[in-house]
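Following: one structure in structure tokens, then a few remarks.
The values are calculated or read from the model by the stated rules, or taken from the named source; none is laboratory data. In this text, all values refer to a predicted model and were calculated from it rather than measured experimentally. Don't worry about glycine lacking a Cβ; one is built from the backbone with ideal geometry, like all the others, and counts go over all protein chains shown.
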Amino acid sequence: MKSRFLAVLLAAALPVLVAPATAHASVIGFLGNFDVINDTGKTAHGFEIDLEGLHSSDISDVFGGPGRGFPTGRGFDPSNSVERYGAPVIAEYSAGSIFGTKITYQGVFDGSSWDFGTPSGSFVTPGDNCWSGGGVGYGPNTPCDHFGVGTIGNPTKTTYSWLLETATPGVLSNGLVNLPAPTWDVIPAPPAPAGNPPAPPQVLAHVEAPEPLAGLEFGDALWVKVFTTEFEDPIDLEELVGDNARVRQAATEIEWQLLQKEIGNPNSGLLESGAGGAPVGANAASILRRYEFFKYSGEYDPETHEALFTAPYGDTHPGPTDVGSYLGAQNAAANLAPLAAAGIPEPGTLFLFASALATLLVRRKRR
């Protein structure tokens, strides 16, 4: 595993776009649990989840916090804590028209030293395992941690950061983490004729490539494969792991697609899964999509950083040297509310989104 990548397992909810309220379209909440490997080259003393556009009242749950049935203390004793930093601090912020909430896991500095820190290194995590109950021997020398958050709203932007000590002892700065984040869009079907049950919606999922680095016209390219399936019953969060039977049933939707962001082109680097226009099945209670990410190992234009291909290869047909190392897989599911009888939406109709990143390795970029 190369040190410039992070291993991330996200078990639910990245930013979600939800259509106007109707059957299948209202929101109950989102949950996120993920492993992060510290490959910054420095010991981190915390981790931050920045949810732009959400108030603290929108935060329904945090990993390691109260209300989950787990101990909320600090350290590595399973009877006292689930991860080294204990329960996080939840705090709102605002800067002009921009506002949000930060969930901060952090060590304690006593004036001369920190009580806990996450060492830098490489580590292969099989899933959401970097915590005291994860079964990987999690301890002071483990270079990864497990974090999580649940919300009842949709953040406009989600940012993850390791907290690294600056030249001033006790002062931390953000080591930015960029990762492909799917957003979901539920498009209701047109109103059904009187006396008929409502038709199912169309459920889209969007994945966008990383932004270009300063001075480059194009961002880093990556390959993605998409698999999908539907079920007539809901999916549980715990089922969104790579070796689960549900995930293994997903069939190929997109064989290969190269994603690369171009400056000034908002439509570049965007993959829309489920964009064929067909609604979900009439009896579908849940939709599962799996995204597998691979590094682009072909040539780049030395001036613009645009991915180059040699005929007959292209952005949907990689050449023998264009696909590099496997970066990981993201499992995402949408649990749809039951269709209301006779075309009348049920009160409290729910749309529940959950996603899991299984060992997703992503490039780390500093602010």
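Scanning region 285-326 for residues that are of a type in the set (Gly, Ala, Ser), within 30 Å of VAL203 (Cβ to Cβ) and part of a loop (DSSP other than H, G, I, E, B) yields a single hit, ALA285.
When we screen TYR138, TYR160 for residues that are at pLDDT 80 or above and assigned to a loop (DSSP other than H, G, I, E, B), the only hit is TYR138. Only a single criterion out of (1) modelled with pLDDT of 95 or more; (2) surrounded by 19 or more Cβ atoms within 10 Å (Cβ to Cβ) is not satisfied by SER113, namely (2). Among the residues making up region 251-275, those that are crowded, with 17+ Cβ neighbours inside 10 Å and within 25 Å of ALA214 (Cβ to Cβ) are LEU258, LEU259, GLN260, LYS261, GLU262, GLY269, LEU271. Pairing residues of region 52-66 that are more than 22 Å from GLY86 (Cβ to Cβ) and assigned to a loop (DSSP other than H, G, I, E, B) with residues that are modelled with pLDDT of 85 or more and not hydrophobic (A, V, I, L, M, F, W, C), at Cβ distances under 7 Å and at least 6 apart in sequence or on separate chains, gives GLY53/GLY100; LEU54/GLY100; LEU54/THR101; HIS55/GLU92; HIS55/THR101. Return yes or no: is VAL203 assigned to a strand (DSSP E or B), of a type in the set (A, V, I, L, M) and at pLDDT 90 or above? So VAL203 fails the test.
The rows are residues; the columns are (1) modelled with pLDDT under 85; (2) part of a strand (DSSP E or B).
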residue	(1), (2)
ALA181	yes, no
ALA199	yes, no
ASP220	no, no
GLY242	yes, no
GLU255	no, yes
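Within region 67-82, restricting attention to residues that are within 22 Å of PHE116 (Cβ to Cβ) and surrounded by fewer than 16 Cβ atoms within 10 Å (Cβ to Cβ), which residue is modelled with the lowest pLDDT? Only one residue tops the list, namely ARG68. Looking across region 28-66 at every residue that is more than 16 Å from SER161 (Cβ to Cβ), surrounded by fewer than 18 Cβ atoms within 10 Å (Cβ to Cβ) and at pLDDT below 90, the one that is farthest from the chain's Cα centre (by Cα) is identified as PRO66.
Beta carbons closer than 8 Å, at least 6 apart along the sequence or on distinct chains, pair a first residue in region 67-86 that is without any contact (Cβ under 8 Å) to a residue 60 or more places away in the chain with a second that is outside any loop (DSSP other than H, G, I, E, B) for GLY67/ASP61; ARG68/ASP61; GLY86/TYR105. Among the residues of region 97-108, is any part of a strand (DSSP E or B) and touching a residue at least 60 places away in the same chain (Cβ under 8 Å)? Yes, the conditions are met somewhere in region 97-108.
The rows are residues; the columns are (1) in contact with a strand residue (DSSP E or B) (Cβ under 8 Å, 6 or more places away or on another chain); (2) of a type in the set (D, E, K, R); (3) farther than 21 Å from GLY139 by Cα.
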position: GLU52; (1), (2), (3): yes, yes, yes
position: SER56; (1), (2), (3): yes, no, yes
position: GLU83; (1), (2), (3): yes, yes, no
position: THR101; (1), (2), (3): yes, no, yes
